[in-house]
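First the structure, in the form of structure tokens, and then the observations on it.
The values are calculated or read from the model by the stated rules, or taken from the named source; none is laboratory data. In this text, all values refer to a predicted model and were calculated from it rather than measured experimentally. Note that we place each Cβ from the backbone using ideal geometry, even for glycine, and neighbour counts take in every protein chain shown. We work out accessible area using only protein heavy atoms, side chains counted, and drop any ligands, DNA or RNA first. Shrake-Rupley method; radii C 1.70, N 1.55, O 1.52, S 1.80 Å.
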Amino acid sequence: MLRGMIMRDGKLKRSEREMEKMVPEEEIVIVGGGIAGLATAVALQRVGIRALVLERSDGLRATGAALGLFPNAWRALDALGVAHKLTAVYAVRKKAYVTDVATGAVQEVSLMGNNSDGPITVHRKALLESLAEELPRNSIRFSSKPISIEAQGQEGPYAIRLEDGTVITTKVLIGCDGVNSFVARKLGLTQPVNSGRSALVALAVFPEGHGVREDVQQFVDVGKRGGIVPLNDKEIYWFLTFNTPKGEAMTGDPEQIQKQVIENYAKDFPPIYAEVVRHCDLSTLNLAPLRLRLPWDLIFGNVSKGNMTVAGDAMHPMTPDLGQGGCSALEDAVVLGRHIGKSFIDNRRLVPGADG
Ligand SMILES: Cc1cc2nc3c(=O)[nH]c(=O)nc-3n(C[C@H](O)[C@H](O)[C@H](O)COP(=O)(O)OP(=O)(O)OC[C@H]3O[C@@H](n4cnc5c(N)ncnc54)[C@H](O)[C@@H]3O)c2cc1C
């Protein structure tokens, strides 16, 4: 029961409004309906456990246009029973051509691993939708942002109060709420640090077809790296990472950002890059500082306490240099699903503190 709602004589002092909004206890609540949150809910669903996902946005939030998924992610998506939906639509990228902007030298790099598997770049929206459609109706509660989390004992349960006044209680709480995780703060994890770099990502759209080779192309210059990856015949995912300028930060206006990339940041890149940026769908453009949690803060910090834990960027935010943040989030989901599922199978119910 909710601490602070019980009077000295043991009687409940919940207001009628709170009584009305009280939702029955959940087995598992996941805060955040991004890659980690949805994938964890699917992993739990596969072992017969329903989880409730609380997402603060009013719909699936696909900020970041697209992302490259490496073979470890595809193994996780396969385990979740979702991979086939995406591999039917998106192609493996076998090679990358890396241009040294200063010298013009181009290096061909094979992206294929030992098992002839390589990365596939997908629309974020497609990934989120293919996960979400595996979940039963009403598994995702949108416009739901926790403002407080209260543990009722060492190992829970947890009372989660939402912005709209609703209180949800749960035996297990998994924070998949991204780099600024509320749940990570509750666990006492240190805040992620700034890497000193920023990233721009967006989609470029060519209604008549782009005719660009299907391989990944990267352009490397002092303090910046750009890239283009065709998603299909008409859309190209493009990105730029760069040292965050001191003082003269990029403006938040997408048109101005596009202009600055073409005229300033990427002015020395081969012309194909500017051509792609000119075709940018500005509604997909996202500019963000790159932040990470230092490894020792993770090793020596509490990534779980009782039956509360974090996954994905909420646990290990990283820069996108290796393209592994989303991939690791998918791996986290499979591991959590297996461990929590084992607790259910061994005990025929979820035992707080058991192998979860
Ligand atoms: C520029 C860039 C390029 C990248 N490229 C790649 C790549 O190519 N490959 C790759 O694997 N990774 C890539 N990444 C990393 C990847 O985007 C992240 O690791 C991944 O999105 C993490 O997923 P997540 O679900 O943990 O967090 P998020 O995707 O951030 O999702 C968190 C969700 O939680 C919700 N939320 C946040 N706070 C709350 C709250 N308080 N209450 C309720 N809901 C909340 C958010 O609305 C969001 O839906 C890239 C990252 C950047 C910045």
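Overview of values
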quantity	calculated
Matching residues in region 185-217 - criterion: being under 30 Å from E108 (Cβ atoms) and assigned to a strand (DSSP E or B)	S195, R197, S198, A199, L200, V201, A202, L203, A204, V205, V216, Q217
Qualifying positions in region 269-315 - among the acidic types (D, E) and not assigned by TED's automatic domain parsing to the domain that holds A184	E275, D281
Criterion violated by P289 - all others in (1) without any contact (Cβ under 8 Å) to a residue 60 or more places away in the chain; (2) farther than 20 Å from T121 by Cβ satisfied	(1)
Where R213 falls short, out of the listed (1) over 30 Å from A88 (Cβ atoms); (2) surrounded by fewer than 16 Cβ atoms within 10 Å (Cβ to Cβ)	(1)
Scope region 282-303; condition within 16 Å of the ligand (Cβ to nearest atom) and open to solvent by 50 Å² or more (accessible area, probe 1.4 Å); matching residues	L287, P289, R291, P295
Of all residues making up region 263-278, the number that are open to solvent by 60 Å² or more (accessible area, probe 1.4 Å) and assigned to a loop (DSSP other than H, G, I, E, B)	2
Output for region 304-315, where each listed residue is open to solvent by less than 30 Å² (accessible area, probe 1.4 Å) and outside any helix (DSSP H, G or I)	N307, M308, T309, V310, A311
Region 321-336 - residue that is open to solvent by less than 40 Å² (accessible area, probe 1.4 Å) and more than 11 Å from the chain's Cα centre (by Cα) and, of those, farthest from the ligand (Cβ to nearest atom)	V334
Condition met for Q260 (within 9 Å of the ligand (Cβ to nearest atom) and surrounded by 15 or more Cβ atoms within 10 Å (Cβ to Cβ))	no
Subset of region 68-85 [under 18 Å from G113 (Cβ atoms) and buried (at least 18 other Cβ atoms within 10 Å of the Cβ)]	G68, L69, F70, P71, A73, W74, A76, L77, A79, A83
Which numbered condition M318 misses (of (1) open to solvent by 40 Å² or more (accessible area, probe 1.4 Å); (2) in a loop (DSSP other than H, G, I, E, B); (3) out of contact with any strand residue (DSSP E or B) (no Cβ under 6 Å at 6 or more places or on another chain); (4) in the same structural domain as V172 (by TED's automatic domain parsing))	(3)
Total residues in region 283-307, condition closer than 30 Å to Q152 by Cα and modelled with pLDDT of 95 or more	1
Count of region 44-64 residues which are open to solvent by less than 10 Å² (accessible area, probe 1.4 Å) and over 24 Å from D164 (Cβ atoms)	3
Where a residue in region 249-260 is in the same structural domain as R278 (by TED's automatic domain parsing) and part of a helix (DSSP H, G or I) and its partner, wherever it lies, is open to solvent by 40 Å² or more (accessible area, probe 1.4 Å) and at pLDDT 95 or above, with Cβ under 7 Å and at least six apart	P254/L282; E255/L282; Q258/L282
Boolean, D253 is at pLDDT below 95 and open to solvent by 60 Å² or more (accessible area, probe 1.4 Å)	yes
Residues being within 10 Å of the ligand (Cβ to nearest atom) and not hydrophobic (A, V, I, L, M, F, W, C) - total across region 59-95	6
Unique match (being out of contact with any Pro (no Cβ under 9 Å at 6 or more places or on another chain), of a type in the set (A, V, I, L, M) and either assigned by TED's automatic domain parsing to the domain that holds F219 or closer than 15 Å to A36 by Cα (or both)) among A73, A79, A159, A105	A79
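To keep it simple, each residue is scored yes or no on (1) crowded, with 20+ Cβ neighbours inside 10 Å; (2) β-branched (V, I, T); (3) part of a helix (DSSP H, G or I); (4) on the phi < 0 side of the Ramachandran plot.
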| position | (1), (2), (3), (4) |
| --- | --- |
| N114 | no, no, no, yes |
| A126 | no, no, yes, yes |
| P136 | no, no, no, yes |
| V172 | yes, yes, no, yes |
| V183 | yes, yes, yes, yes |
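To keep it simple, each residue is scored yes or no on (1) at pLDDT 95 or above; (2) closer than 16 Å to I140 by Cα; (3) not assigned by TED's automatic domain parsing to the domain that holds L127.
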| residue | (1), (2), (3) |
| --- | --- |
| R8 | no, no, yes |
| G37 | yes, yes, no |
| L54 | yes, yes, no |
| L69 | yes, no, no |
| K85 | yes, no, no |
